[in-house]
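A.B. asks: Once you've had a glance at the structure underneath, I'll fire off some questions.
The values are calculated or read from the model by the stated rules, or taken from the named source; none is laboratory data. These figures come from a predicted structure and were not determined experimentally. In this analysis, Cβ positions are derived from the backbone assuming ideal geometry, glycine residues included, and neighbour counts consider all displayed protein chains. What goes into the accessible areas is simple: the full protein's heavy atoms, side chains included, and nothing from ligands, DNA or RNA. Shrake-Rupley method; radii C 1.70, N 1.55, O 1.52, S 1.80 Å.
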Amino acid sequence: MSDSEKRAQRVSLLRVEFEKLLQFHAESFREIDAKAKYWLTACLSAFLGLMGYGFQNAEILSIYFVVVFAAVNTSLLIAIYFFASTLGVKMVLSGVLLPGTRKFKDIEYFLENDKHWAELEVDQTQQILDSIASNERLNAAKSLSVRYAEISLFRGVPGSACLAAVGTFLYTAACPSWLAAATIVRSSATTGAAVVAGAVIGAGFSGALIVVRHYRDPK
């Protein structure tokens, strides 16, 4: 067996190994997308349910619940954004090398002899390597979006709810008696201010968790 034949054989073996990695990427993408779709559906349902309940009962709810609902919904909205971003990332590449015009005449050159066929195998292997590099970047982007969404959902939602409740309690306790009483019999402006305060708490807390995780992750 000549050196060129040995090289062609080794290229073929390497291509088989690289194709296994492409299959792994495809499976990983499917798993990430399935998780994102599941939690996106759950988050959207919870978000719309809380929004509807809040709009219907805002005037009769305690000021604590108004602030907490706004904080929780804001954290849910952030989670929804990142889950949706996960599904919006480009799909996995197959690594298949196709002729430019999709016509048979474009591949006739590679069928002429073994030398030209060996060139095709090298080009195919390079295409696979390019696809692997692209898939690794996209897989990292998908994983990052899911990780941020999970932080906002599993840590941001309960954390912002507790922070909103505690913050509202401390605010009403520190206020003059007439202002604290105003939180019980509220005007539309007071309700609006409570919603804004809750939204700020939810966005700030979830955002802070995401930023901390971003700088803690290995680069």
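A.B. asks: At 7 Å along Cα-to-Cβ for each site, give me the label-to-label distance between residue 122 and residue 57 in nm.
C.D. replies: According to this spin-label approximation, the distance is 7.2 nm.
A.B. asks: Taking the full set of protein chains and a 1.4 angstrom probe, give the accessible area of residue 94 in square angstrom, rounded to the nearest 10.
C.D. replies: 80 Å²
A.B. asks: While we're here: Given only helices, namely DSSP H runs of n ≥ 4 each adding -39500 (n - 2.57), what is the per-residue ellipticity at 222 nm of the chain, to the nearest 500 deg cm²/dmol?
C.D. replies: -28000 deg cm²/dmol
A.B. asks: Label points 7 Å out from Cα along the Cβ direction at residue 27 and residue 14: separation in nm?
C.D. replies: According to this spin-label approximation, the distance is 2.4 nm.
A.B. asks: Considering the values (1) 1.10; (2) 1.34; (3) 1.62, which represents Cα Rg over 2.2 N^0.38 Å as calculated for the structure under consideration?
C.D. replies: From the options (1) 1.10; (2) 1.34; (3) 1.62, the structure gives (3).
A.B. asks: Please report, ordered by residue number, every helix of the chain (full DSSP H runs) that is 27 Å or longer along its axis going by C-alpha atoms and whose mean Kyte-Doolittle hydropathy reaches -1.0.
C.D. replies: Counting only whole DSSP H runs, the qualifying helices are 3-57, 63-88, 114-150, 188-216.
A.B. asks: What full-extension length gain, to one decimal in nm, is calculated for residue 155 and residue 94 as 0.36 nm per residue of separation minus the Cα-Cα distance?
C.D. replies: So the chain would gain 18.4 nm between residue 155 and residue 94.
A.B. asks: Accessible surface of residue 96 in the full protein assembly, 1.4 angstrom probe, to the nearest 10 Å²?
C.D. replies: We get 80 Å² for residue 96.
A.B. asks: Now for a different question. At a probe size of 1.4 Å, how large is the accessible area of residue 105, to the nearest 10 Å²?
C.D. replies: Counting only protein heavy atoms, residue 105 exposes about 130 Å² to solvent.
A.B. asks: Mind listing the Cα extents of region 18-123 along all three principal axes, in Å, largest one first?
C.D. replies: Rounded to whole Å, the extents work out to 83, 26, 14 Å.
A.B. asks: So, one more: Ordering 151, 78 by accessible area with a probe of 1.4 Å, largest first, what comes out?
C.D. replies: 78, 151
A.B. asks: Compactness ratio of region 116-173: Cα Rg over 2.2 N^0.38 Å, N = residue count?
C.D. replies: 2.36
A.B. asks: Obtain the nm distance between the two label points defined at residue 2 and residue 42 by a simple spin-label model: each point lies 7 Å from its Cα along the Cα-to-C-beta direction.
C.D. replies: My value for the distance between the label points is 6.2 nm.
A.B. asks: Please give the per residue accessible area of the chain, computed with a probe of 1.4 Å over protein heavy atoms only, in Å². Intermediate results must be reported in sequence, preceding the final value.
C.D. replies: Working: 13420 Å² over 219 residues.
For the chain, the per-residue accessible area is 61 Å².
A.B. asks: With springs connecting C-alpha atoms under 10 Å apart, model the chain as a Gaussian network and identify which of 174, 42, 164 has the largest mean-square fluctuation.
C.D. replies: 174
A.B. asks: For 117, 39, write out the residues from largest to smallest accessible area, computed with a 1.4 angstrom probe and no ligands counted.
C.D. replies: The ordering from most to least exposed comes out as 117, 39.
A.B. asks: Something else about it: Exposed loop sites here are GluC sites (Glu not before Pro) in DSSP loop states with at most 15 other C-beta atoms within 10 Å. What is the longest stretch of the chain lacking them?
C.D. replies: 113-219
A.B. asks: Taking 0.36 nm per intervening residue step and subtracting the Cα-Cα distance, what contour gain separates residue 50 from residue 129 on full extension?
C.D. replies: 23.7 nm
A.B. asks: How would you classify region 98-138 from its alpha-carbon gyration tensor, with a ≥ b ≥ c the square roots of the eigenvalues: rounded for a/c under 1.5, else prolate if a/b is greater than b/c, otherwise oblate?
C.D. replies: Working: a/c = 6.43, a/b = 1.80, b/c = 3.56.
Oblate.
A.B. asks: Next question. When the scattering of region 65-145 is computed by the Debye formula from its Cα atoms alone, each counted once and equally, what is log10 I(q)/I(0) at q = 0.13 Å⁻¹?
C.D. replies: -0.62
A.B. asks: Between 188, 145, 75, where does the largest GNM mean-square fluctuation fall for the chain, given springs only between Cα atoms within less than 10 Å?
C.D. replies: 188
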